[in-house]
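Reading through the structure tokens given below for one structure.
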Amino acid sequence: MKIQAINGFKDILPDQMLLWRRIEHTAAEVFQRFGMREIRVPLMEKTELFVRSIGEATDVVEKEMYTFSEKKTTMRPEATASIMRAFIEHGMHVQQPVQRLFTIGPMFRHERPQKGRLRQFHQLDAEIVGATEPQVDAELIAMGQLILDELGLSTSLEINSLGCQECRPPYRRKLISFLEEQREELCEDCRRRTHKNPLRVLDCKKTACKTIAHQAPSLLEDLCEGCSSHFAQVQEGLDALEIPFTLNRFMVRGLDYYTQTTFEFLTADLGAQAAVGAGGRYDGLIEQLGGPALPGIGFAMGIERLALLMEQNAEEPLEQQTDIFLAALGEQAPQPCSRLIHQLRKDGLKAAMDYSGRSLKAQMKQANRCHARFVLIIGDSELEQQQGVLRNMQSQEQQSFPLTGSPQEQSQSLLRLLQL
Ligand code: ATP
Ligand code: MG
């Protein structure tokens, strides 16, 4: 019996990795343009961290976490809580009042695996801690939009506001009484959540609950003055940056810590997995985790979903190139070739060779398979005459290449020739 990977846990194969690297590299580069600094946090945390931050009556905490109950630890289902834990633990606010942080890595949620929905998935995650200004919300959203633009993806942006400690409680009461009236139509989970966490009902994926959610009162109409003005300024900020968006009065997001601005980047091209990225403000979270009363805002994008969209759009799949392939023929050639190839690699070239002494035809095939731009053919007779044959694989042109001098000297002259 072969052992296979666990359902929902997937290998990212070499053919896909170039695309993944491109996504990660583009994101990291854009993040840095916005002054974001990278942080890496552990894959496991105390379970309590996620329960306290994400919220007890959420899908993530109720159903999706990989928890080792006896050890009271959990594989992280998202990165914000861990980053805030680290932020507090290292007193990062003392060092710099506004911290701009990003991380890239795997998250774990026990969901039903489908296209674009895995149990181990990967996120690009951005957090700005310590700034309340609505311009920062707009700037953060603009940063997410720029990543998507630079990856050549067209998505739509929806935004909403979830209010604050002041305006959410009265809205909550209003929502509960509305949901009470609809109790018969709600799914079992939502009935249970009506009192515990009524906002979650608005996020339920069941058709019946969705219909009810669309008739529910929206918090947007009941925002307090502060939240209402903040939200208006976020919208002005987005307009000023020419970032198109629509309002979605029913977007509540799946994590409890959100306040005020929330947003999602959506696609119509991944079926039920519509969100490529999402985020929002979490002004009470740091305090709730025992830290200073500092505001924060962030987002996360799913790399699998970005990769799927890019594969769907791809003109040409990305392939790893080789600068030069050394075709060592006969018995004598492999040894000097192995010295030369190591020097080429030290000098920064992507170089490949084969030690098996196979036929020229077989080695040329291999050179093609690794997308070599040049092949240097060195057989016994070439060694004898101290002249290799350098072939440009694109133009098919050949020239002789002197095999005299040290590997360093040969490498330098190859570098000059290949640059042409
Ligand atoms: P969804 O509604 O699709 O379940 P979510 O609201 O649970 O998403 P967030 O917690 O906001 O997602 O995570 C941010 C992003 O991470 C999502 O927009 C999505 O691109 C990605 N993501 C979340 N869960 C998964 C998963 N199980 N598999 C792959 N990507 C995921
Ligand atoms: Mg989810």
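In segment 207-258, which residue that is open to solvent by less than 70 Å² (accessible area, probe 1.4 Å) and of a type in the set (Val, Ile, Thr) is nearest to ligand 1 (Cβ to nearest atom)? By that ranking, first place goes to Val252. Pro77 falls short on exactly one of the conditions (1) within 16 Å of ligand 2 (Cβ to nearest atom); (2) open to solvent by less than 10 Å² (accessible area, probe 1.4 Å); (3) part of a strand (DSSP E or B), and that condition is (3). Condition first: outside any helix (DSSP H, G or I) and within 22 Å of Gly271 (Cα to Cα). Now tell me which residues in segment 187-223 satisfy that. Passing the criteria: Cys204, Lys205, Lys206. Taking the condition touching a residue at least 24 places away in the same chain (Cβ under 8 Å) and either outside the structural domain of Leu294 (by TED's automatic domain parsing) or farther than 27 Å from Thr194 by Cβ (or both), does Val94 pass? For Val94, the condition - touching a residue at least 24 places away in the same chain (Cβ under 8 Å) and either outside the structural domain of Leu294 (by TED's automatic domain parsing) or farther than 27 Å from Thr194 by Cβ (or both) - is not met. For Val61, the conditions (1) surrounded by fewer than 17 Cβ atoms within 10 Å (Cβ to Cβ); (2) closer than 21 Å to Leu118 by Cα all hold with the exception of (1). Name the residue, out of Thr74, Thr58, that is farther than 30 Å from Thr322 by Cβ and modelled with pLDDT under 95. Just a single option satisfies the conditions, and that option is Thr58. Only one entry in Ala300, Ala268, Ala278, Ala274 is farther than 18 Å from Ala79 by Cβ, open to solvent by 10 Å² or more (accessible area, probe 1.4 Å) and within 14 Å of ligand 2 (Cβ to nearest atom), namely Ala274.
Could you tell me which numbered condition Phe9 fails, if it satisfies all but one of (1) in contact with a strand residue (DSSP E or B) (Cβ under 8 Å, 6 or more places away or on another chain); (2) without any contact (Cβ under 8 Å) to a residue 60 or more places away in the chain; (3) not assigned by TED's automatic domain parsing to the domain that holds His110? With respect to (1) in contact with a strand residue (DSSP E or B) (Cβ under 8 Å, 6 or more places away or on another chain); (2) without any contact (Cβ under 8 Å) to a residue 60 or more places away in the chain; (3) not assigned by TED's automatic domain parsing to the domain that holds His110, Phe9 is out only on (2). Of all residues assigned to segment 176-188, none qualifies as being among the hydroxyl-bearing types (Ser, Thr, Tyr) and under 24 Å from Thr246 (Cα atoms). Checking every residue in segment 286-294 against the condition of being within 14 Å of ligand 2 (Cβ to nearest atom), small (Gly, Ala, Ser) and open to solvent by less than 60 Å² (accessible area, probe 1.4 Å) gives zero matches. Across segment 361-386, the qualifying residues are those that are open to solvent by 70 Å² or more (accessible area, probe 1.4 Å) and not basic (Lys, Arg), and the one among them that is farthest from Arg416 (Cα to Cα) is Glu384. Of all residues in segment 319-356, those being part of a loop (DSSP other than H, G, I, E, B) and over 17 Å from Val389 (Cβ atoms) number 10.
Step by step: first the residues of segment 80-95, then only those that are over 13 Å from Pro292 (Cβ atoms) and out of contact with any Ser or Thr (no Cβ under 6 Å at 6 or more places or on another chain), then the one that is nearest to ligand 2 (Cβ to nearest atom). Which residue is that? First the steps, then the outcome.
If we filter segment 80-95 for residues that are over 13 Å from Pro292 (Cβ atoms), which is where we start, we get 80-83, 85-86.
Narrowing the set further to residues that are out of contact with any Ser or Thr (no Cβ under 6 Å at 6 or more places or on another chain) leaves 80, 82-83, 85-86.
On the way: Thr80: 14, Ser82: 17, Ile83: 19, Arg85: 21, Ala86: 23 Å.
The qualifying residue nearest to ligand 2 (Cβ to nearest atom) is Thr80.
Scan segment 123-130 and tell me whether some residue there is within 16 Å of ligand 2 (Cβ to nearest atom) and either more than 19 Å from Phe34 (Cβ to Cβ) or in contact (Cβ under 8 Å) with a residue 12 or more places away in the chain (or both). Spell out how you get there, then give the answer.
So the first thing to find is which residues in segment 123-130 are within 16 Å of ligand 2 (Cβ to nearest atom), and the list is 123, 125.
Still in the running and either more than 19 Å from Phe34 (Cβ to Cβ) or in contact (Cβ under 8 Å) with a residue 12 or more places away in the chain (or both): 123, 125.
Yes, the conditions are met somewhere in segment 123-130.
Being touching a residue at least 40 places away in the same chain (Cβ under 8 Å) and within 16 Å of ligand 1 (Cβ to nearest atom) is the filter here, so list the residues in segment 269-290 that pass it. Steps first, please.
First, pick out the residues of segment 269-290 that are touching a residue at least 40 places away in the same chain (Cβ under 8 Å): 269-273, 276-277, 279-286, 288-290.
Selection gives Asp269, Leu270, Gly271, Ala272, Gln273, Val276, Gly277, Gly279, Gly280, Arg281, Tyr282, Leu285.
Examine segment 29-50 for a residue that is surrounded by fewer than 17 Cβ atoms within 10 Å (Cβ to Cβ) and closer than 26 Å to Glu315 by Cα, and state whether such a residue exists. Yes, segment 29-50 contains a residue that is surrounded by fewer than 17 Cβ atoms within 10 Å (Cβ to Cβ) and closer than 26 Å to Glu315 by Cα.
Could you grab me the full set of residues in segment 365-383 that are in a helix (DSSP H, G or I) and basic (Lys, Arg)? Give the steps one after another, and end with the answer.
Going residue by residue through segment 365-383, those that are in a helix (DSSP H, G or I) are 365-369, 380-383.
Of everything in segment 365-383, those that are in a helix (DSSP H, G or I) and basic (Lys, Arg) turn out to be Lys365, Arg369.
If you go through segment 294-328 and keep only what is modelled with pLDDT under 95 and either away from ligand 1 (no atom under 16 Å from the Cβ) or acidic (Asp, Glu) (or both), you end up with Glu311, Asn313, Ala314, Glu315, Glu316, Pro317, Leu318, Glu319, Gln320, Gln321.
Of Ser356, Ser338, Ser400, Ser413, all but one fail to be of a type in the set (Ser, Thr, Tyr) and without any contact (Cβ under 8 Å) to a residue 12 or more places away in the chain; the exception is Ser356.
Scan Ala307, Ala314, Ala351, Ala333 and give me the residue that is farther than 30 Å from Leu19 by Cβ and among the hydrophobic types (A, V, I, L, M, F, W, C).
Details: Ala307 fails: farther than 30 Å from Leu19 by Cβ; Ala314 fails: farther than 30 Å from Leu19 by Cβ; Ala351 fails: farther than 30 Å from Leu19 by Cβ.
Criteria check complete, one pass: Ala333.
How about segment 1-56: which of its residues are assigned to a helix (DSSP H, G or I), out of contact with any helix residue (DSSP H, G or I) (no Cβ under 6 Å at 6 or more places or on another chain) and among the aliphatic types (A, V, I, L, M)? Residues satisfying the conditions are Met17, Leu18, Ala28.
The values are calculated or read from the model by the stated rules, or taken from the named source; none is laboratory data. All figures in this text were calculated on a predicted structure; none of them were measured in a lab. In this analysis, Cβ positions are derived from the backbone assuming ideal geometry, glycine residues included, and neighbour counts consider all displayed protein chains. Accessible surface is based on the protein model in full, side chains and every heavy atom, while ligands, DNA and RNA are left aside. Shrake-Rupley method; radii C 1.70, N 1.55, O 1.52, S 1.80 Å.
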